[in-house]
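Single-structure report; data block below.
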Amino acid sequence: MKDTPQPPSPMEFGSMPLDPIYAWGLVLEPVETLIQQMQNLIEQLALEAYQRDEESEYTPQDDAELERRFLDFFEQLVDDGTLIRLPDAPPERGRAILGPRRWLRAQRIRINRLIQHWREHGGPDD
């Protein structure tokens, strides 16, 4: 069994928050569950791109497509009862700090780093 480095952990992404409060002011709880679910979605999006064997980085058509994927995901988690949506936060709580465009860019960076890790060290199933 080969000793393959582990993919980057969420903590290695430091200043790139997973919480959608920083993009749209969405307040979803419990936060621990939200973070775990976000990690799962990031891995799923990376896997989709990796399996398509795209030469370039993960690049959805545009930010609107990626935004739709995330917002639909959050809505589904609330509908399933996995998360609870509280009233939206005031803009100064996050949206004004990061905003949707930069938040989406941070998620795209996460996705691309995971794809890069798999390309360099073998895919998720290797």
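The values are calculated or read from the model by the stated rules, or taken from the named source; none is laboratory data. Here the structure is a predicted model, which means the values were calculated and not measured. Every residue, glycine among them, receives a Cβ derived from its backbone with ideal geometry; neighbour counts consider all protein chains shown.
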Failed condition for Gly25, given (1) surrounded by 17 or more Cβ atoms within 10 Å (Cβ to Cβ); (2) under 12 Å from the mean Cα position of the chain (by Cα); (3) at pLDDT 90 or above, with all others met? (2)
Checking Tyr50 against (1) surrounded by fewer than 17 Cβ atoms within 10 Å (Cβ to Cβ); (2) at pLDDT below 90, only one condition comes out false. Which one? (1)
Looking at the range 55-65, is at least one residue closer than 23 Å to Glu92 by Cα, at pLDDT 80 or above, in a helix (DSSP H, G or I) and in contact with a Leu (Cβ under 8 Å, 6 or more places away or on another chain)? yes
Can you tell me which residues in the range 74-108 are within 14 Å of Trp24 (Cα to Cα), modelled with pLDDT of 90 or more, among the hydrophobic types (A, V, I, L, M, F, W, C) and surrounded by 13 or more Cβ atoms within 10 Å (Cβ to Cβ)? Phe74, Ala89, Trp103, Leu104
Sort out which residues of the range 28-47 are assigned to a helix (DSSP H, G or I), surrounded by fewer than 17 Cβ atoms within 10 Å (Cβ to Cβ) and not acidic (Asp, Glu), and write them in order of number. Val31, Thr33, Ile35, Gln36, Gln39, Asn40, Gln44
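For (1) among the aromatic types (Phe, Trp, Tyr); (2) more than 16 Å from Asn40 (Cα to Cα); (3) touching a residue at least 60 places away in the same chain (Cβ under 8 Å); (4) part of a helix (DSSP H, G or I), each residue gets a yes or a no:
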site: Leu77; (1), (2), (3), (4): no, no, no, yes
site: Thr82; (1), (2), (3), (4): no, no, no, no
site: Arg85; (1), (2), (3), (4): no, yes, no, no
site: Glu92; (1), (2), (3), (4): no, yes, no, yes
site: Ala96; (1), (2), (3), (4): no, yes, no, no
site: Ile109; (1), (2), (3), (4): no, no, yes, yes
site: Leu114; (1), (2), (3), (4): no, no, yes, yes
Looking only at the range 67-93, count every residue that is touching a Leu at 6+ places or on another chain (Cβ under 9 Å) and either at positive phi or among the aliphatic types (A, V, I, L, M) (or both) and tell me the total. 7
